[in-house]
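Q: Let me begin by handing over the structure; questions about it come next.
The values are calculated or read from the model by the stated rules, or taken from the named source; none is laboratory data. Here the structure is a predicted model, which means the values were calculated and not measured. Glycine also receives a Cβ, built like all others from the backbone with ideal geometry; neighbour counts cover every protein chain displayed. The accessibility values were calculated without ligands, DNA or RNA, using every heavy atom of the protein model including side chains. Shrake-Rupley method; radii C 1.70, N 1.55, O 1.52, S 1.80 Å.
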Amino acid sequence: MRTLVIIIVLALIVMIAKRLWQKPRPPANPGRQPGKMVQCANCGIYIPEQEALSRGDRFYCSQAHLDEDIHNTS
Ligand SMILES: [Zn+2]
């Protein structure tokens, strides 16, 4: 009988310890992430990457700046 009590007590301790161990973490940064910002290679303004025009590894805020930079670099 005494052994049974010890086993139950041990089981309870293990359960409590496990529950403390597995504390539910808050979900890391749920939802959408802030868009990556890129810099216009012509005027230096920062724009969201999805709105930027890209040519190779360079980004531009507008078609005009893209065209200008092509003329300047080539
Ligand atoms: Zn620009």
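Q: Could you give the accessible area per residue of region 35-74, probe 1.4 Å, as a whole number in Å²?
A: Heavy-atom accessible area per residue stands at 68 Å².
Q: Report, to the nearest 10°, how far helix 2-21 tilts away from the longest principal axis of the Cα atoms in the chain, using its own Cα long axis and a range of 0 to 90°.
A: 10 degrees
Q: Using only the alpha-carbon atoms, how far is helix 63-73 inclined from the longest principal axis of the chain? Give it as 0 to 90 degrees, nearest 10.
A: 70 degrees
Q: Another question, then. If I model a spin label as a point 7 Å beyond the Cα along the Cα-Cβ vector, how far apart are those points for R2 and H71 in nm?
A: According to this spin-label approximation, the distance is 9.7 nm.
Q: For the chain, would you read off the P(r) tail past 20 Å as a percentage of all alpha carbon pairs?
A: Taking all Cα-Cα pairs of the chain, the fraction more than 20 Å apart is 60 percent.
Q: Rounded to the nearest percent, how much of the accessible area of the chain (1.4 Å probe, protein heavy atoms only) is carbon and sulfur?
A: For the chain, the apolar C and S fraction of the accessible surface comes to 61 percent.
Q: Given H placed 1.01 Å from N in the peptide plane, which residues other than close sequence neighbours of N42 have an amide H under 5 Å from its amide H?
A: C61
Q: Using a Gaussian network model of the chain with C-alpha springs under 10 Å, which one of A41, A17, A52 is most mobile by mean-square fluctuation?
A: A17
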